[in-house]
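Report on the structure given below.
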Amino acid sequence: MMLPARPMPKPTPQVEPFFEVLGPDLTVAFLLQFGGAELVLSNDPQGRSAVEKLIGSEKAKALAESRNRSMQKRVPLAKQWLARMLHWQGHSGAHIARTLRATDVSVRGWLKEVQS
């Protein structure tokens, strides 16, 4: 008998606008690279920004349009959601802690909250 796969962690409200535009994998990469920084996006991307290099000009333009409606000024750190996503993707607790610059104790706590 095969057990059902674990469901993907639901994005938090602060992550959801990014998730809707970028999807799960790009959202993780985007938050890891830009989390905590001020969100500066052009409505007419020219292919020169670090954001465009990561997500492409079409998604950068869509993200800029979404930002005008529903995003905060800074990219969220979203460490708890990132920990859950990385765990869902199969990464170890130690890897997650190093990636998020958090302690293994914090990561275990974040993951335990979901299982409770």
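The values are calculated or read from the model by the stated rules, or taken from the named source; none is laboratory data. Small disclaimer: the values here were computed from a predicted structure and weren't measured. For neighbour counting, all protein chains shown are included, and Cβ atoms are generated from backbone atoms with ideal geometry for every residue, glycine included. Surface accessibility is based on the protein's heavy atoms, side chains included, excluding ligands, DNA and RNA. Shrake-Rupley method; radii C 1.70, N 1.55, O 1.52, S 1.80 Å.
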In the neighborhood of residue 51, defined by Cβ-to-Cβ distances under 13 Å, what is the net charge if each Lys or Arg adds +1 and each Asp or Glu adds -1? +2
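Could you tell me what percent of the accessible area of the chain is made up of carbon and sulfur, with a 1.4 Å probe and every protein chain present?
On the way: 3920 of 7360 Å².
Within the chain, the accessible surface is 53 percent carbon and sulfur.
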Computed FRET value (nearest 0.05) for residue 43 with residue 8, which takes r as the C-beta separation and R₀ as 30 Å: 0.50
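Where the only charges are on Cβ atoms (+1 Lys, Arg; -1 Asp, Glu), what is the dipole of the range 7-116 about its Cα centre, to the nearest 20 debye? Please list the in-between numbers first.
Details: 15 positive and 10 negative charges, 59 e Å.
The calculation lands at about 280 debye.
Would you tally the net charge around residue 18, using a Cβ to Cβ cut-off of less than 11 Å, leaving residue 18 out, and scoring K and R as +1, D and E as -1? If you can, show how the numbers build up before the last one.
Values: positive: 59, 67; negative: 16, 20.
So the environment of residue 18 carries a net charge of 0.
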Selection from 24, 76, 99 lying farthest towards where the dipole of the chain points positive, charges on Cβ: 99
Summed over the other residues with a beta carbon less than 14 angstrom from that of residue 105, with K and R at +1 and D and E at -1, the charge totals +3
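State the extension gain, in nm to one decimal, for the chain segment bounded by residue 112 and residue 94, taking 0.36 nm per residue of separation less the distance between their alpha-carbons. All intermediate terms of the calculation are to be shown ahead of the outcome.
Numbers: separation 18, 0.36 × 18 = 6.48 nm, distance 1.48 nm.
Length gained, residue 112 through residue 94: 5.0 nm.
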Helical mean residue ellipticity (222 nm; -39500 (n - 2.57) per DSSP H run of 4+; nearest 500) of the chain: -18000 deg cm²/dmol
Tell me which label goes with the value of semi-axes √(5λ) of the Cα gyration tensor in Å computed from the coordinates here: (1) 89, 10, 6; (2) 23, 17, 11; (3) 28, 15, 13. (3)
Could you provide, to the nearest whole Å², the per residue accessible area of the range 34-116 with probe 1.4 Å? 62 Å²
